[in-house]
Amino acid sequence: METKILDAGQVHIAALALREGRPVVFPTETVYGLGAPVFNEEAVRQIFSIKGRPSDNPLIAHIDQIEGAERLSDGLEEKFYRLAEAFWPGPLTLVVKKRAEVPSIVSAGQPTVGIRLPSHPVARRLIEAVGQPLVAPSANLSGRPSPTRSEDVLEDLSGKVEYVVEGGCCEVGIESTVLSLYGERPTLLRPGRIRREEIEEVLGEKVALPVKGGPILSPGMKYRHYAPNTPVRLVYRLEELERPFLLPTAQNLYAELREADRLGASVIEIYCDAAVQADEALMNRLLRAAGQIE
Ligand code: TXA
Ligand code: MG
């Protein structure tokens with residue numbers, strides 16, 4: 001199959017493919033996503049096979065307006081609406097109790113579904129044109145860094161999908177914050193641009209972190225993630241840097257890791273200055289890329 005790039009004016013072509021059950025890559029403000037209509041089980045199954053994604057890792061459903069959440073969950077609480085009001089459209093995924101109609105392949109057998117309303121205008125137009133929420137994991141092969149540019153999508157998925165909708169460089173550059181509202185206390189499953197403290201301020205209560213050795217709340221976090229082939233060395237003191245190094249930002253991180261692989265670098269040194277160290281989401285991705293956290 002030849003993979004074609006569509007521009008933002010050709011969203012209707014991508015929407016038609018999706019309505020017919022064929023997965024399409026589209027841009028969001030965080031990273032590019034590999035989309036399929038949430039209620040089309042066969043199309044969702046194709047996503048797992050294209051990515052080589054383990055079937056116990058659930059998918060996020062993307063909506064274009066808040067009302068879309070009601071097709072996915074009938075147990076939406078006041079906290080959900082408060083967070084949606086504060087942070088959507090934007091890089092926050094809320095995990096809530098799912099409706100029985102949401103296929104279990106989407107939730108990987110869990111009773112919950114992750115919902116996000118992205119801010120990228122192309123993503124929202126596409127979801128609207130399809131007429132139902134789109135599930136979309138990051139559009140990389142499983143285990144590779146998420147793609148933040150269409151050329152990075154092609155590096156992994158060329159020949160495996162029919163269309164990639166062009167949306168430029170992703171503004172945020174790392175995946176959304178994932179917050180579970182399912183348990184007793186709101187729990188941060190994945191740090192992202194929307195910070196824990198900002199969420200706590202809106203909720204007026206503390207956000208919990210998943211308990212080590214407790215039930216696995218976010219199956220995706222147990223897989224090796226965000227990893228380039230080039231070994232990554234994190235350096236915390238300037239004088240310990242040995243070679244040209246990278247001062248990372250969330251926006252450039254994944255593209256730079258892929259670039260190091262393309263150049264065949266023997267090692268990539270990343271300088272974690274005080275600002276980088278203070279960024280919970282960026283440090284999370286860096287430690288994963290360096291293989292220091294699972
Ligand atoms: O920014 C993003 O979230 C991007 C863009 C495309 O929206 N998507 C993304 O999807 O990063 P993915 O599949 O690469 O990561 C989704 C993460 C995984 O760690 C998964 O386990 C977790 O969210 N997740 C999804 N649904 C969940 C659920 N019902 N319960 C717990 N964790 C869930
Ligand atoms: Mg991913």
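Step by step: find N for segment 47-195, compute 2.2 N^0.38 Å, then divide the Cα radius of gyration by it. What's the final number?
In units of the 2.2 N^0.38 Å rule of thumb, it is 1.02.
Apply the Karplus curve 6.51 cos²θ - 1.76 cosθ + 1.60, θ = phi - 60°, to the phi angles in segment 190-200 and return the couplings in whole Hz, x for Gly and Pro.
Values, residue by residue: 8, x, x, 4, 6, 7, 3, 5, 5, 5, 4 Hz.
Evaluate the Debye formula for segment 1-135 with equal point scatterers sitting on the alpha carbons, no solvent, and hand back log10 of I(q)/I(0) at q = 0.13, 0.16 Å⁻¹, in q order, two decimals.
-0.50, -0.77
Gaussian network model of the chain, Cα springs within a sub-10 Å range: biggest mean-square fluctuation belongs to which of His62, His120, His12?
His12
Pull up all non-local amide H partners of Val24: gap of 5 or more, or a different chain, and H-to-H distance under 5 Å with H placed in the peptide plane.
Gly35
Between Rg and the Kirkwood Rh of the chain, both from Cα atoms, what is the Rg to Rh ratio?
0.96
Collect residues whose amide H, placed 1.01 Å from N in the peptide plane, falls under 5 Å from the amide H of Leu117; neighbours closer than 5 in sequence don't count.
Under 5 Å from the amide H of Leu117 lie the amide H atoms of Ile63, Gly90, Leu92, each far enough along the sequence or on another chain.
Please get the size of the charge dipole for the chain, origin at its Cα centre, with Cβ charges of +1 on Lys and Arg and -1 on Asp and Glu, quoted in debye to the nearest 20.
Here the size comes out at about 680 debye.
Can you give me the orientation-averaged projected area of the convex hull built on the Cα atoms of segment 122-179, in nm²?
In nm², the orientation-averaged hull projection of segment 122-179 is 4.8.
Once phi is turned into θ = phi - 60°, what whole-Hz ³J(HN,Hα) does the Karplus curve with 6.51, -1.76 and 1.60 give for every residue of segment 285-290, x standing for Gly and Pro?
Result, ordered by residue: 5, 5, 5, 5, 4, 8 Hz.
Between the DSSP loop rule and a limit of at most 15 other Cβ atoms within 10 Å, which GluC sites (Glu not before Pro) in segment 46-120 are left?
When the GluC sites (Glu not before Pro) of segment 46-120 are filtered for loop state and at most 15 Cβ neighbours within 10 Å, Glu77, Glu101 remain.
With 5 Å bins from zero, work out the P(r) of segment 100-148 over every alpha carbon pair and list the percent per bin.
Once binned at 5 Å, the Cα pair distances of segment 100-148 give 4, 16, 20, 22, 23, 13, 2.
With contacts defined as alpha carbon pairs under 8 Å and 6 or more residues apart, what's the relative contact order of segment 1-125 in percent?
After rounding, I find 29 percent.
Only Cα pairs within less than 10 Å get springs; with that Gaussian network setup on the chain, which residue of Pro244, Pro191, Pro103 has the largest fluctuation?
Pro244
Can you work out the Karplus-derived ³J(HN,Hα) for every residue in segment 20-29? Use 6.51 cos²θ - 1.76 cosθ + 1.60 with θ = phi - 60°, whole Hz, and x for glycine or proline.
Values, residue by residue: 8, x, 9, x, 9, 8, 9, x, 10, 6 Hz.
Among Ile60, Ile47, Gly75, which residue has its Cα furthest toward the positive end of the charge dipole of segment 1-89, with +1 on Lys/Arg Cβ and -1 on Asp/Glu Cβ?
Checked the options; the winner is Ile47.
For Ala139, enumerate residues with amide H under 5 Å from its amide H, sequence gap 5+ or separate chain, H modeled in the peptide plane.
The list, which skips near neighbours in sequence, is Tyr32, Gly33, Leu34.
How much net charge surrounds Ile5 when only other residues with a Cβ under 10 Å from its Cβ are counted (Lys, Arg +1; Asp, Glu -1)?
Net local charge, Ile5 excluded: -2.
Cα to Cα, under 29 Å, and not fewer than 8 places away if on the same chain: which lysines meet these conditions relative to Lys4?
Straight-distance partners of Lys4: Lys51, Lys160.
If you average 1/r over every pair of different alpha-carbon atoms in segment 20-96 and take one over that average, what Kirkwood value in Å do you get?
Hydrodynamic radius (Kirkwood, Cα only) of segment 20-96 equals 14.0 Å.
Taking the Cβ of each residue in Cys272, Cys170 as the centre, tally the other Cβ atoms inside 10 Å and list the residues starting with the fewest.
The most exposed by this proxy come first: Cys272, Cys170.
For the chain, set up a GNM with springs between Cα atoms under 10 Å and report which of Arg71, Arg195, Arg243 has the largest fluctuation.
Arg243
Give the cross-link partners of Lys97 among the lysines, using a straight C-alpha distance below 17 Å as the criterion and excluding same-chain residues fewer than 8 apart.
Lys79
Read-outs throughout are calculated quantities, based only on the coordinates presented, and are distinct from any laboratory measurement. Keep in mind that what you see is a predicted model, and the values were worked out from it rather than measured. With ideal geometry, Cβ positions are generated from the backbone for all residues, glycine too; neighbour counts draw on all protein chains shown.
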